[in-house]
1. At pLDDT below 95, of a type outside the set (S, T, N, Q) and part of a loop (DSSP other than H, G, I, E, B), is that true of LEU3?
2. Would you point out the residue of the range 103-119, among those that are free of Cβ contacts under 8 Å to residues at least 12 places away in the same chain and surrounded by fewer than 12 Cβ atoms within 10 Å (Cβ to Cβ), that is nearest to GLU92 (Cα to Cα)?
3. Here is a list: LYS83, LYS27. Which entry is surrounded by fewer than 16 Cβ atoms within 10 Å (Cβ to Cβ), modelled with pLDDT of 95 or more and not β-branched (Val, Ile, Thr)?
4. So which of LEU22, LEU78, LEU45 ends up being at pLDDT 95 or above, of a type in the set (A, V, I, L, M, F, W, C) and either in contact with a Cys (Cβ under 9 Å, 6 or more places away or on another chain) or over 16 Å from ILE117 (Cβ atoms) (or both)?
5. Exactly one condition in (1) surrounded by 11 or more Cβ atoms within 10 Å (Cβ to Cβ); (2) under 16 Å from the mean Cα position of the chain (by Cα) is false for LYS12; which is it?
6. Suppose the filter is more than 11 Å from the chain's Cα centre (by Cα), modelled with pLDDT of 95 or more and of a type in the set (D, E, K, R); does ARG88 pass it?
Amino acid sequence: MGLFEEKCFLTKKYRVILANGLPPNSKPMRAHVFSGDDELGYHTLNRFQNFTFSFCAGFKTEFFCHLWWDKKDAQFDLFKTEKYVFARCEDECYWLVRGDGIYYSPSYRNQPPHKVITW
């Protein structure tokens, strides 16, 4: 059974979207996504591309991201069950990378993303 078809038993299923919203004619961004248990790899994303994955969250589920774009880089928690901001994450956690920083929305469809990291 693939990562997206996985059924959760007694836990909640989440989807994380990491999207490239960088300015026109920008160099691609590079992202390394991983957890203590899962290596989701290095991904090169051009403007308007995204990397999406789903999982069943446990009590201590964590996913991390290291981003590089041009001469900038940032490391942050994509998802961490123990942090209260992610406890409010609905079914989809949305991350949008822009020229001035990284934006987050706990509900892709219902709330616009707000800046959480400045480059």
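The values are calculated or read from the model by the stated rules, or taken from the named source; none is laboratory data. Keep in mind it's a predicted model, so treat the numbers as computed, not measured. Cβ sites come from the backbone with ideal geometry, for glycine too, and all protein chains shown count toward neighbours.
1. On the way: at pLDDT below 95: yes; of a type outside the set (S, T, N, Q): yes; part of a loop (DSSP other than H, G, I, E, B): yes.
The answer is yes for LEU3.
2. PRO112
3. Details: LYS83 fails: modelled with pLDDT of 95 or more.
Going through LYS83, LYS27 in turn, the sole match is LYS27.
4. Details: LEU22 fails: either in contact with a Cys (Cβ under 9 Å, 6 or more places away or on another chain) or over 16 Å from ILE117 (Cβ atoms) (or both); LEU78 fails: at pLDDT 95 or above.
Testing whether each residue is at pLDDT 95 or above, of a type in the set (A, V, I, L, M, F, W, C) and either in contact with a Cys (Cβ under 9 Å, 6 or more places away or on another chain) or over 16 Å from ILE117 (Cβ atoms) (or both) leaves just LEU45.
5. Among (1) surrounded by 11 or more Cβ atoms within 10 Å (Cβ to Cβ); (2) under 16 Å from the mean Cα position of the chain (by Cα), LYS12 violates only (2).
6. Numbers: more than 11 Å from the chain's Cα centre (by Cα): yes; modelled with pLDDT of 95 or more: no; of a type in the set (D, E, K, R): yes.
Considered against the rule, which asks whether it is more than 11 Å from the chain's Cα centre (by Cα), modelled with pLDDT of 95 or more and of a type in the set (D, E, K, R), ARG88 comes out as no.
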